[in-house]
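Worksheet: the structure to be examined is printed underneath.
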Amino acid sequence: DSGVTQTPKHLITATGQRVTLRCSPRSGDLSVYWYQQSLDQGLQFLIQYYNGEERAKGNILERFSAQQFPDLHSELNLSSLELGDSALYFCASSSAGARPEAFFGQGTRLTVV
Amino acid sequence: GNSVTQMEGPVTLSEEAFLTINCTYTATGYPSLFWYVQYPGEGLQLLLKATKADDKGSNKGFEATYRKETTSFHLEKGSVQVSDSAVYFCALRAQGGSEKLVFGKGTKLTVNP
């Protein structure tokens, strides 16, 4: 168990809809990262939050947004969903300081039909 | 930009065979290097890491040595087991700057009894 919790594990929704994915980081970790895993693109970094503030942005679509709350949990919002958004979405967390590794949750499998 | 190239599988071995999965990287300075493993239906688990040149990361019989001169971090195991069947990802975190992980495309390993 990595200590990172993601909900829900599976999500099936229709095109055009909006969904919210939730992540609780490991206790004490200030950084939260979101990644998308798809067969054709592999693992792609979407966005990072550190202690409530956006720190880095990757290949995140304008239809997607995220936030990190005061209790450090994070949500990834995906809107106007398209078939191509079907993927596994991972959250990871890491601590500040010298340890560079990130710990991943089990992921949310999103299927857009 | 930073990138990771790893041998693409699938790789199929018999139990007790020797495993090598090649990984090379492109990055300035001294990135931190990682191997993550993804078992079927699960999230990514940190397998091992190395943070400076000539460091050897090891865990569960797997090893990888940070080779700055060849910009490589090859994963090895002397005797694989059926339970090692999974997808293995090589990743880097750049020195300074962005804390995101950059992943290779993954190598699927199947070990047959």
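Of note:
- Selected residue (criterion: nearest to B:Phe34 (Cα to Cα)) from residues of the stretch B:63-83 that are in contact with a Cys (Cβ under 8 Å, 6 or more places away or on another chain) and of a type in the set (Gly, Ala, Ser): B:Ala64
- Only one of the numbered conditions (1) of a type in the set (D, E, K, R); (2) more than 15 Å from B:Asn22 (Cβ to Cβ); (3) more than 12 Å from chain A (Cβ to nearest Cβ) is violated by B:Glu42, and that is (3).
- Test: A:Ala98 is within 9 Å of another protein chain (Cβ to nearest Cβ), at pLDDT below 95 and farther than 16 Å from A:Phe45 by Cα: yes
- Odd one out for B:Glu69, checked against (1) touching a Ser or Thr at 6+ places or on another chain (Cβ under 9 Å); (2) more than 28 Å from B:Asn112 (Cβ to Cβ): (1)
- Assessment of the stretch B:19-34 against the conditions (among the aliphatic types (A, V, I, L, M), surrounded by fewer than 16 Cβ atoms within 10 Å (Cβ to Cβ) and in contact (Cβ under 8 Å) with a residue 12 or more places away in the chain) yields no matching residue.
- All positions within the stretch B:57-70 that are in contact (Cβ under 8 Å) with a residue 40 or more places away in the chain and more than 20 Å from A:Glu101 (Cβ to Cβ): B:Thr70
- Hey, B:Leu48 away from chain A (no Cβ under 14 Å), buried (at least 20 other Cβ atoms within 10 Å of the Cβ) and in contact with an Asp or Glu (Cβ under 8 Å, 6 or more places away or on another chain) or not: no
- Restricting attention to the stretch A:25-48, the residues being within 10 Å of the chain's Cα centre (by Cα) and farther than 18 Å from A:Arg63 by Cβ number 3.
- Of residues in the stretch B:60-96 being surrounded by 14 or more Cβ atoms within 10 Å (Cβ to Cβ) and within 12 Å of another protein chain (Cβ to nearest Cβ), the one farthest from the chain's Cα centre (by Cα): B:Gln95
The values are calculated or read from the model by the stated rules, or taken from the named source; none is laboratory data. Bear in mind the structure is a predicted one, so any value in this text is a computation, not a measurement. Here the Cβ is made from the backbone with ideal geometry for all residues, glycine too, and neighbour counts use every protein chain on show.
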